[in-house]
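Input: a single structure, listed below in structure tokens.
The values are calculated or read from the model by the stated rules, or taken from the named source; none is laboratory data. Keep in mind the model is a prediction, meaning the values are calculated, not measured. Cβ placement follows ideal geometry from the backbone for every residue including glycine, while neighbour counts extend to all protein chains displayed. All accessible areas refer to the heavy atoms of the entire protein, side chains included, with ligands and DNA or RNA removed. Shrake-Rupley method; radii C 1.70, N 1.55, O 1.52, S 1.80 Å.
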Amino acid sequence: MPAIARPVMEGGGGFDYRLAMAIPDKWIQYLKEYKDEEWNMGNIVFTLTNRRHGEKYVTYSESHDQALVGDKTLAFWLMDAEMYTNMSILSPLTPVIDRGIQLHKIIRLITHALGGEGYLNFMGK
């Protein structure tokens, strides 16, 4: 949309937030390269809070770009094939599904709390 970031007084939409694009990539990096107990919380917090003073950011944990380029969503990185067979209330909770659900919640909570002034939710098909 033309002029969406221009001030309202100039006829624009007044949207003055930046998109924190490094955050979803950081989560995928951690899920691909590290075991849970190897996560460096200091590095995660630094990535989530590393922005210029006074700039407003919209943050997100995962993006449609990851799915479009053939990568997996966070849920698939965490639970993979077990999502197809063990997500029913009719089957017992497995350690993989339990861990995946809990980490997915924690990732979204930490991102929402530290990542910026707004949160963008990704809903995949």
Qualifying residue in the stretch 52-74 (condition: loosely packed, with under 15 Cβ neighbours inside 10 Å and hydroxyl-bearing (S, T, Y)): no
Within the stretch 24-41, tally of residues that are open to solvent by less than 70 Å² (accessible area, probe 1.4 Å) and either farther than 25 Å from D98 by Cβ or of a type outside the set (A, V, I, L, M) (or both): 7
Long-range neighbours under 6 Å by Cβ, at least six apart or interchain, first residue under 11 Å from L48 (Cα atoms) within the stretch 7-29, second among the hydrophobic types (A, V, I, L, M, F, W, C): W27/I107
Some residue of the stretch 78-85 being open to solvent by 80 Å² or more (accessible area, probe 1.4 Å) and more than 20 Å from I97 (Cβ to Cβ): no
The stretch 94-125 - residue that is open to solvent by 60 Å² or more (accessible area, probe 1.4 Å) and outside any helix (DSSP H, G or I) and, of those, farthest from I28 (Cα to Cα): E117
Tally, over the stretch 1-26, of residues that are among the charged types (D, E, K, R) and in a loop (DSSP other than H, G, I, E, B): 2
Top-ranked residue in the stretch 1-15 [being out of contact with any Gly (no Cβ under 7 Å at 6 or more places or on another chain) and surrounded by 12 or more Cβ atoms within 10 Å (Cβ to Cβ); ranked as nearest to L114 (Cα to Cα)]: F15
Of all residues in the stretch 42-51 being open to solvent by less than 60 Å² (accessible area, probe 1.4 Å) and without any contact (Cβ under 8 Å) to a residue 40 or more places away in the chain, the one that is farthest from A20 (Cα to Cα): G42
